[in-house]
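A short worksheet on the structure shown next.
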Amino acid sequence: MEEVPITLAGQTRLQAELDQLVKVEREVIKLAIAEARELGDLKENAEYHSAKEKQSIIEGRIAQLQGILARSRVIDISKIKSQKVVFGATVVIVETEKDIRHKYIIVGEDESNSRENKISYTSPLGRALIGKEEGDVIIVKAPRGDVEYEIESFEFVD
């Protein structure tokens with residue numbers, strides 16, 4: 001099984017979701033299924049079928065989270081000392097053509113979130129940034145065409 005990097009914050013968030021699903025959601029759905037069974041004929045029991053469908057979704061997500069956490073290797077960002085951009089870096093880049101600054105944190109695939117400016121190290125931008133230094137210029141292939149960025153700065157903060 002191939003290990004994949006994850007930040008401590010990412011692992012904590014996924015573990016909290018798993019705990020909620022196992023300890024709360026799973027128990028709630030068990031009760032809903034039991035109550036629906038008491039209503040009689042299961043073939044035409046919409047409450048029962050709805051509860052079973054929800055149970056399937058919950059169990060699928062539990063299995064997915066367990067798999068992610070089992071293959072994850074936690075990277076302590078606060079201990080990283082690098083002169084190059086690596087996993088866990090908070091990077092400030094400038095879109096050279098428009099002079100627009102962007103700030104991203106390079107994280108694992110399972111914790112990336114564009115609304116929080118967290119990009120995966122396997123994304124096109126993440127791959128382009130890895131191994132680069134301040135002042136380097138990168139070109140990222142995007143749907144609207146190639147975009148040129150300059151790395152203004154980066155740091156490693158939790």
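The values are calculated or read from the model by the stated rules, or taken from the named source; none is laboratory data. These numbers come from a predicted model, not from an experiment. All Cβ positions, even for glycine, are placed from backbone atoms using ideal geometry, and neighbour counts span all protein chains on display.
For VAL94, indicate whether it is assigned to a strand (DSSP E or B), within 30 Å of ILE119 (Cβ to Cβ) and out of contact with any Ser or Thr (no Cβ under 7 Å at 6 or more places or on another chain). Yes; evaluated as a whole, the condition is true for this residue.
Considering each of ILE75, ILE57 in turn, give the residue that is aliphatic (A, V, I, L, M), modelled with pLDDT under 95 and under 20 Å from ALA16 (Cα atoms). Steps first, please.
On the way: ILE57 fails: modelled with pLDDT under 95.
The unique qualifying residue is ILE75.
Rundown of residues vs (1) over 21 Å from SER78 (Cβ atoms); (2) in contact with a strand residue (DSSP E or B) (Cβ under 8 Å, 6 or more places away or on another chain); (3) not in a strand (DSSP E or B), yes/no style:
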{"residue": "ALA128", "(1), (2), (3)": "yes, yes, yes"}
{"residue": "LYS132", "(1), (2), (3)": "yes, yes, yes"}
{"residue": "GLY135", "(1), (2), (3)": "yes, yes, yes"}
{"residue": "GLU148", "(1), (2), (3)": "yes, yes, no"}
{"residue": "SER153", "(1), (2), (3)": "no, yes, no"}
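Taking the conditions (1) modelled with pLDDT of 95 or more; (2) out of contact with any helix residue (DSSP H, G or I) (no Cβ under 6 Å at 6 or more places or on another chain); (3) closer than 25 Å to GLU134 by Cβ in turn, GLN66 satisfies each one other than (3). Under the condition of being aliphatic (A, V, I, L, M) and loosely packed, with under 12 Cβ neighbours inside 10 Å, the residues counted in segment 88-110 number 1.
A search for C-beta distances below 6 Å between a residue of segment 89-115 that is farther than 21 Å from GLU133 by Cβ and any residue that is modelled with pLDDT of 95 or more and among the small types (Gly, Ala, Ser), counting only pairs 6+ apart in sequence or on different chains, returns GLU109/SER120; SER112/SER120.
Only residues that are small (Gly, Ala, Ser) and either in contact with a His (Cβ under 9 Å, 6 or more places away or on another chain) or exposed (fewer than 13 other Cβ atoms within 10 Å of the Cβ) (or both) were counted in segment 1-54, giving 5.
In segment 111-158, the residue that is surrounded by the fewest Cβ atoms within 10 Å (Cβ to Cβ) out of those that are among the aliphatic types (A, V, I, L, M) and farther than 15 Å from GLU95 by Cα is VAL157.
Residues in segment 97-117 that are assigned to a loop (DSSP other than H, G, I, E, B) and not acidic (Asp, Glu): LYS98, GLY108, SER112, ASN117.
In the condition set (1) surrounded by 13 or more Cβ atoms within 10 Å (Cβ to Cβ); (2) touching a strand residue (DSSP E or B) at 6+ places or on another chain (Cβ under 7 Å), ILE68 is compliant with all but (2).
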